[in-house]
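One structure below.
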Amino acid sequence: MGDHSPHWSMVINCADLDRMTEFWCGVLGLEVHPRSGETFRVLRGTHGNVALQLADDPVTYRHQMHVDVYCAAANRDSECRRVLDLGATHVRDSDDPDDAFVVFADPEGNLFCVCPL
């Protein structure tokens with residue numbers, strides 16, 4: 001496996017961002033990170049992070065949660081190659097130049113993202 005330990009967070013898709021923020025902050029003792037916005041919130045704590053994302057469509061069991069893998073922006077291409085070499089499939093690139101994440105599927109079709117720190 002090597003010594004590569006990426007930063008990551010579990011992302012929960014939700015319909016009511018405020019209610020879910022209150023719930024998960026209370027359950028896990030997290031605080032809203034200042035980088036959060038109206039459609040995406042990072043909840044941070046001393047033992048880990050959770051991110052909440054406002055869903056555009058009704059949330060299904062298959063797309064309720066996904067992992068975001070974070071890397072330095074300069075290392076994004078090498079991190080993308082690494083996950084492809086491990087068996088991921090490229091799905092799409094973000095169309096937002098200020099948020100250059102890449103969406104992949106794991107070997108069973110579950111989506112995850114590689115995101116710049």
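The values are calculated or read from the model by the stated rules, or taken from the named source; none is laboratory data. Keep in mind that this is a model prediction, so the values were computed, not measured. Heads up, the Cβs are rebuilt from the backbone with ideal geometry, glycines too, and the neighbour counts pull from every protein chain shown.
Out of the residues in region 1-25 that are at pLDDT 80 or above and among the small types (Gly, Ala, Ser), which is surrounded by the fewest Cβ atoms within 10 Å (Cβ to Cβ)?
15
Show the residue pairs that are 6+ apart or on different chains and have beta-carbon atoms under 7 Å apart, the first residue being within region 39-56 and of a type in the set (Asp, Glu), the second being modelled with pLDDT of 90 or more.
none
Please go through region 8-62 and give me each residue that is hydroxyl-bearing (Ser, Thr, Tyr) and over 16 Å from the mean Cα position of the chain (by Cα), ordered by number.
46, 60, 61 - these are the residues of region 8-62 that are hydroxyl-bearing (Ser, Thr, Tyr) and over 16 Å from the mean Cα position of the chain (by Cα).
For the list (1) outside the structural domain of residue 12 (by TED's automatic domain parsing); (2) free of Cβ contacts under 8 Å to residues at least 60 places away in the same chain; (3) surrounded by 10 or more Cβ atoms within 10 Å (Cβ to Cβ), I need the number of the one condition that residue 96 fails.
For residue 96, the failing item is (3).
I need the full set of residues from region 92-105 which are more than 14 Å from residue 115 (Cβ to Cβ) and either among the polar types (S, T, N, Q) or assigned to a strand (DSSP E or B) (or both), in order please.
The one that is more than 14 Å from residue 115 (Cβ to Cβ) and either among the polar types (S, T, N, Q) or assigned to a strand (DSSP E or B) (or both): 105.
Can you confirm whether residue 15 is in contact (Cβ under 8 Å) with a residue 12 or more places away in the chain and out of contact with any Cys (no Cβ under 7 Å at 6 or more places or on another chain)?
Against the criterion (in contact (Cβ under 8 Å) with a residue 12 or more places away in the chain and out of contact with any Cys (no Cβ under 7 Å at 6 or more places or on another chain)), residue 15 qualifies.
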